[in-house]
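The values are calculated or read from the model by the stated rules, or taken from the named source; none is laboratory data. Model, not experiment: these values are computed from the prediction. Virtual Cβ from ideal backbone geometry, glycine too; neighbours counted across all protein chains shown. Heavy atoms of the whole protein, side chains included, go into the accessibility calculation; ligands, DNA and RNA do not. Shrake-Rupley method; radii C 1.70, N 1.55, O 1.52, S 1.80 Å.
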Amino acid sequence: MKKRLVALLLTFIFIFAFVGCSSTTNAQHSSKTVQTQQVNNIQTQQTNTQANNLTTQQQSNKSRNISVSGTLTVTYIDVGQGDSIFIQTPSGKTMLIDAGVPEMGSKVVNYIKNRGINKIDILVATHPHADHIGGIPAVIENFQIGKFYMPKVTTTTKTFENVLRAAKSKGLLINVAKAGVVLDLGNEVKAEMLAPNSSHYDDLNNYSAVIKITYGNTAFLFTGDAEKESEQEMLDKGYNLKADVLKVGHHGSSSATTWAFLKAVNPKYAVISCGKGNDYGHPHKETMEKLKSMGITVYRTDECGTIVAVSDGRTISFNVKPGDYTAGSSGNSSTSNTSSSKTFQKLPYGYYGEPGKVYVDSSGRGLIKGNINSKGEKIGYE
């Protein structure tokens, strides 16, 4: 009897010990499993955080260093006392801003043709002064034109009439050049107009189309003959005016390039398009002193000839050595070549596709005669 009780007791102790060990092992295993899961979760969270931080950093780096392919070429053609700028983008698109006086039309045409170009995707006449639009008719006659832009103002001059006739002969619609217009120069190039910002100015120069082109981390600003009033409007609008290369307004006249505007642009390089020994004293002393004081490298067509700037999206190189800060030697530094001209009028809405059409007759008078001119010819531009 005692032997049976002892045997039963030993059996009970053995079973209890076995069950206890099994429970302890399971508990330890379960604990290890939980710990492993926690470690894995922490590692996963750390990995995700690192990945997110890397993505954010990459995006930040991308915003600071935009990668592009090919080169953007900007040519400031030497047309004497005037403006003409030819732009070629990596995608092959082209834009011409102004074409100098009438006598320079053939030079502009030949320069572009010699580069194997037969189409100008965007043609811009910044404002209707002869030293900017004079060569436009020759350009229209010799190239296929995509879009043609001019500000909504007209002059009563033969030069302006010739531009209208050339556009009419090609069936070109004239698009309004004004702030907010986006220009298509390909996916990698951002091009937009920052002026004019008003519908009426007392000075025709302030109607000038101002264009900013951004390629990669580089930017170019083209200002036509925009003067202090237009510059102040751009500043007041809060536009991003920062650019590496500034085409100095109004051939370096003191009537443009205010301190506030120049500091907002803060360019590394400035290009001045003017004629050697011109009658207006361009570029003026006041402008050159500002450029010099800011250490801006100056290129001038009167000293350097045709200037070619090439951007790879990171840096900009030039084909010529810089000019100097010497002011023009002729004329009065406070005299504007055309700013005092009052031979212009606000362009009737009909000129841009609304009722009524406008043209200029042989006597230089602007007339509106419904859909036909005095010769009975139908005229119509958008």
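Might you report the magnitude of the Cβ-based charge dipole of the range 136-227 about its Cα centre, with Lys and Arg at +1 and Asp and Glu at -1, to the nearest 20 debye?
Values: 9 positive and 9 negative charges, 71 e Å.
Around 340 debye, computed over the range 136-227.
So for the range 85-232: antiparallel DSSP bridges make up what percent, rounded to the nearest 5?
Numbers: 18 of 29 bridges.
The antiparallel proportion sits near 60 percent.
Given Cβ point charges of +1 (Lys, Arg) and -1 (Asp, Glu) and nothing else, what value in debye, to the nearest 20, does the dipole of the range 208-326 about its Cα centre take?
Details: 14 positive and 14 negative charges, 83 e Å.
The dipole of the range 208-326 has a size of about 400 debye.
What is the range 119-247 by shape, rounded, prolate or oblate, if you read a ≥ b ≥ c off the alpha carbon gyration tensor as root eigenvalues and call it rounded for a/c under 1.5, prolate for a/b larger than b/c, and oblate otherwise? Could the numbers behind the result be given before it?
Numbers: a/c = 2.17, a/b = 1.27, b/c = 1.71.
Here the range 119-247 falls in the oblate category.
Once Lys and Arg get +1 and Asp and Glu get -1 on their Cβ, which of HIS132, THR155, ILE97 lies farthest toward the positive end of the dipole of the range 89-161?
Of the candidates, ILE97 comes out farthest on the positive side.
Size of the dipole of the range 76-195 about the Cα centre, Lys and Arg at +1 and Asp and Glu at -1 on the beta carbon, nothing else charged, in debye to 20?
Details: 13 positive and 11 negative charges, 73 e Å.
That gives a dipole near 340 debye.
How far apart, in nm, are two points set 7 Å out from the Cα along the Cα-to-Cβ line at LYS285 and at VAL182?
Reported label-point gap for LYS285 and VAL182 is 4.7 nm.
Once R0 is set to 35 Å, what does the formula 1/(1 + (r/R0)^6) return for the Cβ-Cβ distance between ASP324 and ASP202, expressed as a FRET efficiency to the nearest 0.05?
Details: r = 34 Å, r/R0 = 0.98.
Between ASP324 and ASP202 the formula returns 0.55.
Skip the ligands, DNA and RNA, and give the accessible area per residue of the range 144-303 with a 1.4 Å probe, whole Å².
On the way: 5710 Å² over 160 residues.
Counting only protein heavy atoms, the per-residue value for the range 144-303 is 36 Å².
Using only alpha carbon pairs under 8 Å that are at least six residues apart, calculate the relative contact order of the range 198-312 and give it in whole percent. Don't skip to the end; give the middle numbers.
On the way: 195 pairs, mean separation 23.9, N = 115.
The value is 21 percent.
Counting only residues 5 or more places away or on other chains, whose amide H sits under 5 Å from the amide H of THR154 once H atoms are built in the peptide plane?
Here GLN345, LEU347 satisfy the definition.
Using a 1.4 Å probe on the protein chains only, how many percent of the accessible area of the range 105-195 belongs to carbon and sulfur?
On the way: 1550 of 3450 Å².
C and S atoms contribute 45 percent here.
List the aspartates and glutamates whose alpha-carbon lies under 15 Å from that of LYS119, not counting same-chain residues fewer than 8 positions away?
Answer for LYS119, where 15 Å is the Cα cut-off: GLU141, ASP184, listed by chain and number.
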